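This report refers to the structure that appears directly beneath it.
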Amino acid sequence: MVEFAKQLSYLLRMASHEIEALTQALSRLPGLGPRSARRAVLHLLKKRETALDPLLAALESVSRKLSTCGICGNVDTVSPCSICADPRREARSLCVVEEVADLWALDRSRLFPGRFHVLGGRLSALEGVRPEDLRIDSLVARIAGGGVDEVVLAMNATLEGQTTAHYVAERIESYPVRVTQLAHGLPVGGELDYLDEGTLAQALRARRPVA
Ligand SMILES: [Zn+2]
């Protein structure tokens, strides 16, 4: 009996150790601190069939199939990714972004009907990121292959993002494509008083005639 009690207490300790490990793993996710991670774990434990098991199945499936799209650099469970493989997408417009997260954000907005190209970062002298570290050659190859009319440079409005945009624009200037860039300016609902000087300066530079 003593042996059984020992075993039970050992099992409980093991379980709590495993649950603790799960909590720690979740708390390292962006946007989740230890407190939210504990709440998520508690929810998963209480709702095993409706929350824990489906999550486990989804994680396993994604982990097994995860791949980087050989054409655009998107992360998906198929390659070419579902965007590159979608015949309804306008193949003549190409939107160049720094990271997969930017692609997903633009895709969620459903405002861009074309396809994408993910550079995998931005040029940075400070972090030692050179052009050959980014997927720039494959972008040039895509454009050189023909079938592209417009390239939208959708880099971040940071110094490094804009340096990258200038570099990419130079690399593709000899091809017969229209190169455009996202406008930077006043956020919708933004008040001048709250804007930083960079945003304000961009908005002033990008001013247009009153319609
Ligand atoms: Zn793709």
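The values are calculated or read from the model by the stated rules, or taken from the named source; none is laboratory data. Because the structure is predicted, anything quoted here is derived from the model rather than measured. Note that we place each Cβ from the backbone using ideal geometry, even for glycine, and neighbour counts take in every protein chain shown.
Across segment 46-70, what is the total count of residues that are within 13 Å of the ligand (Cβ to nearest atom) and surrounded by fewer than 18 Cβ atoms within 10 Å (Cβ to Cβ)? Reasoning before the result, please.
Step one: of segment 46-70, the residues within 13 Å of the ligand (Cβ to nearest atom) are 67-70.
Subsequent filtering for residues that are surrounded by fewer than 18 Cβ atoms within 10 Å (Cβ to Cβ) retains 67-68, 70.
Qualifying residue count for the region: 3.
The single condition among (1) more than 15 Å from the chain's Cα centre (by Cα); (2) among the acidic types (Asp, Glu); (3) not assigned by TED's automatic domain parsing to the domain that holds Pro30 that Glu98 does not meet is (1). Helices (runs of 4 or more DSSP H) fully within segment 14-131 that include at least 2 residues being in contact with a strand residue (DSSP E or B) (Cβ under 8 Å, 6 or more places away or on another chain), without any contact (Cβ under 8 Å) to a residue 60 or more places away in the chain and not polar (S, T, N, Q): 100-109. Screening Val179 on (1) assigned to a helix (DSSP H, G or I); (2) modelled with pLDDT of 85 or more shows it passes everything except condition (1). Summed over segment 107-133, the residues that are away from the ligand (no atom under 16 Å from the Cβ) and on the phi > 0 side of the Ramachandran plot give a count of 3.
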